[in-house]
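*Asks:* My structure is below; once you've seen it, I'll send some questions.
The values are calculated or read from the model by the stated rules, or taken from the named source; none is laboratory data. Keep in mind that this is a model prediction, so the values were computed, not measured. A quick note on method: Cβ atoms are made from the backbone with ideal geometry, for glycine too, and the neighbour counts reach across all protein chains shown.
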Amino acid sequence: MNPADLNAIESERQALLARIKTAETALRDSLHTRGFGETARAHLERALAHVQEAYIAINETKQVRSVQQLVDELNRMQHVMDDLKQRQHKSQRI
């Protein structure tokens with residue numbers, strides 16, 4: 001590739017990173033919205049995790065997780081959190 005092509009690619013990368021940062025900010029702000037239920041918040045949290053992973057994939061040279069790997073990890077974390085909440089709820093009833 002010639003220098004002009006490399007500059008164009010870098011310019012596109014920087015523009016994409018800026019859009020991703022804007023999306024991340026909007027999602028973070030939306031997490032503080034109340035009254036839409038846990039399902040909406042869970043989707044926003046997932047979207048935020050995907051946006052953050054996309055930033056890493058674009059900005060880093062190291063190996064990044066696939067979408068399926070990220071989803072699997074998020075599902076495992078959610079399962080652990082659900083179990084913890086259930087245990088806390090049970091201990092409060094005792």
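*Asks:* Does GLU73 fit the bill of being assigned to a helix (DSSP H, G or I) and either modelled with pLDDT of 90 or more or surrounded by 10 or more Cβ atoms within 10 Å (Cβ to Cβ) (or both)?
*Replies:* Details: assigned to a helix (DSSP H, G or I): yes; either modelled with pLDDT of 90 or more or surrounded by 10 or more Cβ atoms within 10 Å (Cβ to Cβ) (or both): yes.
Against the criterion (assigned to a helix (DSSP H, G or I) and either modelled with pLDDT of 90 or more or surrounded by 10 or more Cβ atoms within 10 Å (Cβ to Cβ) (or both)), GLU73 qualifies.
*Asks:* Another question, then. Evaluate segment 35-47: report whether one residue or more is of a type in the set (A, V, I, L, M), surrounded by 14 or more Cβ atoms within 10 Å (Cβ to Cβ) and within 30 Å of ASP82 (Cβ to Cβ). Don't jump to the end; show me each part of the working.
*Replies:* Step one: of segment 35-47, the residues of a type in the set (A, V, I, L, M) are 40, 42, 44, 47.
So of that shortlist, the ones also surrounded by 14 or more Cβ atoms within 10 Å (Cβ to Cβ) come out as 44, 47.
Remaining after also requiring within 30 Å of ASP82 (Cβ to Cβ): 44, 47.
Checking segment 35-47: at least one residue is of a type in the set (A, V, I, L, M), surrounded by 14 or more Cβ atoms within 10 Å (Cβ to Cβ) and within 30 Å of ASP82 (Cβ to Cβ).
*Asks:* Considering each residue of segment 23-42, count those that are part of a loop (DSSP other than H, G, I, E, B) and among the polar types (S, T, N, Q), and give that number. If you could, list the steps in order and put the result at the bottom.
*Replies:* Taking segment 23-42 first, the residues part of a loop (DSSP other than H, G, I, E, B) are 31-36.
Among the residues that remain, those that are also among the polar types (S, T, N, Q) are: 33.
Total meeting the criteria: 1.
*Asks:* Could you list, in sequence order, all residues of segment 3-17 that are charged (D, E, K, R) and either free of Cβ contacts under 8 Å to residues at least 40 places away in the same chain or over 13 Å from ALA54 (Cβ atoms) (or both)? Steps first, please.
*Replies:* Just the residues of segment 3-17 that are charged (D, E, K, R), to begin with: 5, 10, 12-13.
Scanning segment 3-17 gives ASP5, GLU10, GLU12.
*Asks:* Residue pairs, Cβ under 6 Å, 6 or more apart or interchain, first in segment 26-51 and within 14 Å of VAL71 (Cα to Cα), second surrounded by 11 or more Cβ atoms within 10 Å (Cβ to Cβ) and of a type in the set (S, T, N, Q). List them.
*Replies:* Going by the 6 Å Cβ cut-off, the qualifying pairs are LEU44/SER30.
*Asks:* From the set of residues in segment 18-37 that are hydrophobic (A, V, I, L, M, F, W, C) and modelled with pLDDT under 95, which is nearest to GLN52 (Cα to Cα)? Let's see the steps before the verdict.
*Replies:* Initial filter on segment 18-37 (hydrophobic (A, V, I, L, M, F, W, C)): 18, 20, 23, 26-27, 31, 36.
Remaining after also requiring modelled with pLDDT under 95: 31, 36.
Numbers: LEU31: 15, PHE36: 23 Å.
Result: LEU31.
*Asks:* Let me ask you something else. Looking at segment 55-94 only, could you name the residues that are of a type outside the set (A, V, I, L, M, F, W, C) and closer than 30 Å to SER11 by Cα?
*Replies:* Applying the first criterion (of a type outside the set (A, V, I, L, M, F, W, C)) to segment 55-94 yields 55, 59-63, 65-66, 68-69, 72-73, 75-76, 78-79, 82-83, 85-93.
Of everything in segment 55-94, those that are of a type outside the set (A, V, I, L, M, F, W, C) and closer than 30 Å to SER11 by Cα turn out to be TYR55, ASN59, GLU60, THR61, LYS62, GLN63, ARG65, SER66, GLN68, GLN69.
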